[in-house]
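Each value in this text was obtained by applying a stated rule to the coordinates, not by laboratory testing. Computed from a prediction, not measured in an experiment: that's the story for all the values here. Note: ideal-geometry Cβ built from the backbone for every residue, glycine included; neighbour counts use all protein chains shown.
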Amino acid sequence: MRFKDLEWKDIVSDNVIVSSHCMINLCGVIKIEFQINHDSKDNQYYLYAFGKGSVMRLQPEKCGSVESAKNAAYRIYSNEMERVKKAIDYLVVT
């Protein structure tokens, strides 16, 4: 299933995205926040995910590019939305 695209706010310095931020708020019930930061020392991007349950990551995911970090964030978001959809479908059936 395909969910809506995430809306990112990028901060660019010297033609490099140094930080990117995305926040999702579904009716005030489900809040997910993603933060991508660039580390110039190892030229890697680190994805931080904040939220409840399976969304929250204690350790950031290391990615080689900002696009791969955004794809990883979409994967996390999509998995959470699929979980919510299954819960709603179960409530509607019962």
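List of remarks:
- Taken over segment 14-45, the criterion of being without any contact (Cβ under 8 Å) to a residue 40 or more places away in the chain and of a type in the set (G, A, S) is satisfied by S19, G28, S40.
- Residue in segment 1-45 that is surrounded by the most Cβ atoms within 10 Å (Cβ to Cβ), counting only those that are part of a strand (DSSP E or B) and of a type in the set (S, T, N, Q): S20
- Among residues of segment 46-79, those that are surrounded by 11 or more Cβ atoms within 10 Å (Cβ to Cβ), more than 10 Å from the chain's Cα centre (by Cα) and in a helix (DSSP H, G or I), counted: 5
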